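Engineer: Sharing a structure below in structure tokens format, with a few things to ask.
What follows is calculated from the coordinates using simple rules that are stated; it is not laboratory data. Please read all numbers here as calculations on a predicted model, not as lab measurements. Ideal geometry is used to build each Cβ from the backbone, glycine not excepted, and the neighbour counts take in all protein chains shown.
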Amino acid sequence: MNLDKEMLPKHLAIIMDGNGRWAKQQGKPRIFGHEKGAKTVREIIQEVSEIGIPYLTLYAFSTENWKRPKLEVEALMHLLSRYLKKEVAIMQENNIRLNAIGDLESLPAKVRKELYKAMEQTQNNTSTTVSLALAYGGQQELLQMTQQLAQRVQQGLLIPQQITPELIQQTLYTQNIPPVDLLIRTSGECRISNFLLWQIAYAELYFTDILWPDFSPEELRKALANYQNRERRFGKTSEQL
Ligand code: FPP
């Protein structure tokens, strides 16, 4: 599939959904789906960096996911720390920078340790910045931003009129990352599920029935081709563009 390099999204975000259903279809436990899902993560990260998209954000674990059965949460955390340990080498090879957004302090110490190590080792890489959203919730992000700004006002460091969209952006987890251009969700669900609420204001949305473990580089290219056929008006008329 031919993609126009000039019209690629700068920031692609993905809600990776359907691991559980994929495993069920195979008559296997849910964690089997997460393991296959982690392989898809690896393939998609490589493809995104080869295509030349500078920012990729993946919804790996939401604040709501803590409510899943204890065994599944533990297995996911274990998978994550194994993945991080193994993945650094591949990221280094491909000049990929790892970042993380969310309430990282709530993660188990072992995951946090691997995460910070991987982030530090890849911090000078320049092809694609991959942000893993972990213990992430969009409302929680907006709440912590509001509290931080309110505190600065209370301390006399800021007046309310100085609160601009740019300052809000700078106070979110995604500080130096541009807004989302394209948001993909797999598995047929058409919801945002508390993901990047501020950052998706003008994003194009793309929903596919494919379950995350089956989401392939070809499917990614299909989504990008679809994106390139859309007219992004940002509130203007076609004639003004
Ligand atoms: C959604 O499937 C997926 C998740 C809640 C977690 C995403 C995790 C991975 C893709 C694997 C590990 C991640 C990394 C970065 C290595 P679901 O369980 O909600 O599926 P269902 O809706 O079919 O039940």
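Engineer: Residues with amide H under 5 Å of T57's amide H, sequence separation 5 or more or different chain, H placed in the peptide plane at 1.01 Å from N; which?
Structural biologist: Those qualifying (amide H under 5 Å, at least 5 residues apart or on another chain) are L12, A13, I14, S131.
Engineer: Treating only the Cβ atoms of Lys and Arg (+1) and Asp and Glu (-1) as charged, compute the dipole magnitude of region 1-138 about its Cα centre; round to the nearest 20 debye.
Structural biologist: For this selection, approximately 600 debye.
Engineer: Per residue, what volume in Å³ does the Cα convex hull of region 26-181 take up?
Structural biologist: For region 26-181, the hull spanned by Cα atoms encloses 139 Å³ per residue.
Engineer: Another question about this same structure. Which length gain, in nm to one decimal place, applies between W198 and K39 when the Cα-Cα distance is subtracted from 0.36 nm times their residue separation?
Structural biologist: 54.3 nm
Engineer: I need the chymotrypsin sites (Phe, Trp or Tyr not before Pro) found in region 167-241, filtered to DSSP loop residues with at most 10 other beta carbons within 10 Å of theirs.
Structural biologist: F234
Engineer: Quick check for me: using +1 on Lys/Arg Cβ and -1 on Asp/Glu Cβ, what's the dipole size of the chain about its Cα centre, in debye to the nearest 20?
Structural biologist: 640
Engineer: Could you pull out the pairs from K85/K222; K36/K85; K28/K222 whose alpha carbons sit more than 23 Å apart here?
Structural biologist: K85/K222; K28/K222
Engineer: Counting only trypsin sites (Lys or Arg not before Pro) that sit in a DSSP loop (anything but H, G, I, E, B) with at most 10 other Cβ atoms within 10 Å, what is the longest stretch of the chain containing none of them?
Structural biologist: With trypsin sites (Lys or Arg not before Pro) excluded where exposed in loops, the chain gives 1-190 as its longest stretch.
Engineer: Sequence gap at least 6, Cα distance under 8 Å: using those rules, report the relative contact order of region 121-241 to the nearest whole percent.
Structural biologist: Relative CO of region 121-241 lands at 22 percent.
Engineer: Out of M145, L115, A133, whose Cα points farthest toward the positive end of the dipole of region 107-154 (charges: +1 Lys, Arg; -1 Asp, Glu; placed on Cβ)?
Structural biologist: Comparing the listed Cα positions along the dipole, L115 ranks first.
Engineer: From Cα pairs below 8 angstrom and at least 6 apart in sequence, can you work out the relative contact order of the chain, rounded to a whole percent?
Structural biologist: 29
Engineer: Which of I53, I15, I163 ends up with the largest GNM mean-square fluctuation for the chain, with Cα atoms connected below 10 Å?
Structural biologist: I163
Engineer: How far is it, in nm, from the label point at N124 to the one at K86 when both lie 7 Å from their Cα along the line to the Cβ?
Structural biologist: 2.8
Engineer: Something else: If each DSSP helix of 4+ residues adds -39,500 (n - 2.57) and the sum is divided by the residues in the chain, what number results at 222 nm, nearest 500 deg cm²/dmol?
Structural biologist: When only DSSP H runs of four or more count, the value is -13500 deg cm²/dmol.
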